[in-house]
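Here the structure is laid out as structure tokens; the discussion comes afterwards.
The values are calculated or read from the model by the stated rules, or taken from the named source; none is laboratory data. Here the structure is a predicted model, which is why all the values come from computation and not from measurement. In this analysis, Cβ positions are derived from the backbone assuming ideal geometry, glycine residues included, and neighbour counts consider all displayed protein chains. For accessibility, only protein heavy atoms count, side chains too; no ligands or nucleic acids. Shrake-Rupley method; radii C 1.70, N 1.55, O 1.52, S 1.80 Å.
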Amino acid sequence: MGSDKPLRREGSPLTPFPNNLPALTSVRFALALGVVLFHYQLQWPWDSMASTGLLDRARLGVDAFFVLSGFVLTHAYRQTLEERRLDYRRFLAARFARVYPAHVAVLAFVLVMVGAATLMGAEYDHRLYNPLGLLTTLLLVHAWLPETVVAEWNGPSWSLSAEWFAYLAFPAFAWVGLVLARRPWVLLALSGLVFLVLDLTYQAVFGDVVVHAELNMGVLRIIPEFLYGIGLYRLGQRLRPTRRSAIGASWLSAITLLALMHLKADDRIVVAAAGPLILSLGLLSKASADRALAQPWMLASGEASYALYLVHMPILIGWKGVNSALTQRPSAYVLAWWEIACLLALTLFAAFAVHYLFEGPARTWIRRRADRLWPAPGSRAAMAPGSQPPDI
């Protein structure tokens, strides 16, 4: 009963989120699948489906992941942050265990593909696969650099590079979140201001909005969005939703986001609208109204979403490359419906295989090694006791 009792600090009531936030795990699969379908629709012939903004704006699921990352990491490390006892070494080890196993596995697969294509004399753009690009991609710094000095070994990995930057800078983000924890609206306004400054700067330098930054200094994209997620979490700590209000807010935020996507609203507005959805899904757990999104198959899909995001482009490129070689068609050929169906099935199978056969075991092994190197007194990990938050 003590853990459910609202906390009070300087007259401001706080109601903690529960340890588990299953809705935020389940939604990750929808976000990753949206990115997959966005890349598929660039290859298929159905113009009527491409005319809707839903698939085009689905690429902004990456930005929703950035917001979600700030939200979830603040939740996962909330107690150690408040008690000023975050072990940076353990934190980075946990983050390394989260992103690197699947990243290295998929990058190795791409390297094998490129080697095989070279041996067979297959046609591909050599500029996209050069040694410097391989090194920067392996080190996850390729999104920190201008486009002219990087290469696209695995396109989606640019967001991992941005995430890795946020992990390295997490103490700074967390400090801002703690200083403004009792003023979440100020924290949200700060994230908006940072976004505005970066957006105007990016437009002045590169001639495009910052939410279109990927390999070309894509790291700028995560800075305000990660901070946005932290602000949403701090706001959520002060909300006391009823079951009905939490469910209503979730439906309203989801419908609003989908409507904005369908109507082809400005990308920046769509990204901003992803925040209320993430907050409302977190509040579902707070109001004990998240059973519908806590089904085992949904949680399993959410856990495999990271692998799905990473493997889909190499599989798509490899599929088209092999078919082009076999049929003598140009590599830019349009995919048939049956190819889309086969690709989706193959990609889902590969994602679950990578996650359950390699990514998960490797993550566990790395974390156990970190526990032995830097044992945490009184707890297994440097996070709130007993917490099992969604692992971004």
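Just a few scattered comments:
- Complete set of residues in region 76-92 that are of a type in the set (A, V, I, L, M, F, W, C), assigned to a helix (DSSP H, G or I) and either open to solvent by 20 Å² or more (accessible area, probe 1.4 Å) or over 24 Å from Gly360 (Cα atoms) (or both): Leu81, Leu92
- If you filter region 182-224 down to residues that are charged (D, E, K, R), open to solvent by 40 Å² or more (accessible area, probe 1.4 Å) and closer than 21 Å to Glu147 by Cα, you find that the one that is modelled with the highest pLDDT is Asp208.
- Among the candidates Leu227, Leu277, Leu258, the residue that is more than 18 Å from Gly34 (Cβ to Cβ), modelled with pLDDT of 95 or more and out of contact with any strand residue (DSSP E or B) (no Cβ under 8 Å at 6 or more places or on another chain) is uniquely Leu227.
- Residues that are charged (D, E, K, R), open to solvent by less than 40 Å² (accessible area, probe 1.4 Å) and more than 30 Å from Gly318 (Cβ to Cβ) do not occur anywhere in region 161-175.
- Scan of region 194-242 for residues that are aromatic (Phe, Trp, Tyr), in contact (Cβ under 8 Å) with a residue 12 or more places away in the chain and over 20 Å from Tyr77 (Cβ atoms), ordered by number: Phe195, Tyr202
- Any hit, region 110-125, residues being in contact with a Leu (Cβ under 8 Å, 6 or more places away or on another chain), part of a helix (DSSP H, G or I) and either modelled with pLDDT of 85 or more or not acidic (Asp, Glu) (or both): yes
- Sub-9 Å Cβ pairs linking a first residue in region 361-379 that is closer than 18 Å to Ala304 by Cα and at pLDDT 95 or above to a second residue that is assigned to a helix (DSSP H, G or I) and open to solvent by 40 Å² or more (accessible area, probe 1.4 Å), at least 6 apart or interchain, are Ala362/Val104, ordered by first then second residue.
- Given (1) open to solvent by 20 Å² or more (accessible area, probe 1.4 Å); (2) within 21 Å of Gln237 (Cβ to Cβ); (3) in a helix (DSSP H, G or I), index of the condition Ser288 fails: (3)
- Any chance Val219 is closer than 30 Å to Arg85 by Cα and in contact with a Phe, Trp or Tyr (Cβ under 8 Å, 6 or more places away or on another chain): yes
- Within region 18-38, residues that are open to solvent by less than 10 Å² (accessible area, probe 1.4 Å) reach partners that are among the hydroxyl-bearing types (Ser, Thr, Tyr) with beta carbons closer than 7 Å, at six or more positions or on different chains, in the pairs Leu21/Ser285; Ala23/Ser285; Arg28/Ser305; Ala32/Ser305; Ala32/Tyr309; Val35/Tyr309; Val36/Thr347.
- Test: Leu348 is within 15 Å of Val106 (Cα to Cα), open to solvent by less than 40 Å² (accessible area, probe 1.4 Å) and modelled with pLDDT of 85 or more: no
- Identity of the residue in region 247-268, outside any helix (DSSP H, G or I) and not basic (Lys, Arg), that ends up farthest from the chain's Cα centre (by Cα): Leu263
- Some residue of region 105-128 being touching a Ser or Thr at 6+ places or on another chain (Cβ under 9 Å), open to solvent by 10 Å² or more (accessible area, probe 1.4 Å) and of a type in the set (D, E, K, R): yes
- Against the test of being in a loop (DSSP other than H, G, I, E, B) and not β-branched (Val, Ile, Thr), the options Arg240, Arg244 yield a single qualifying residue, Arg240.
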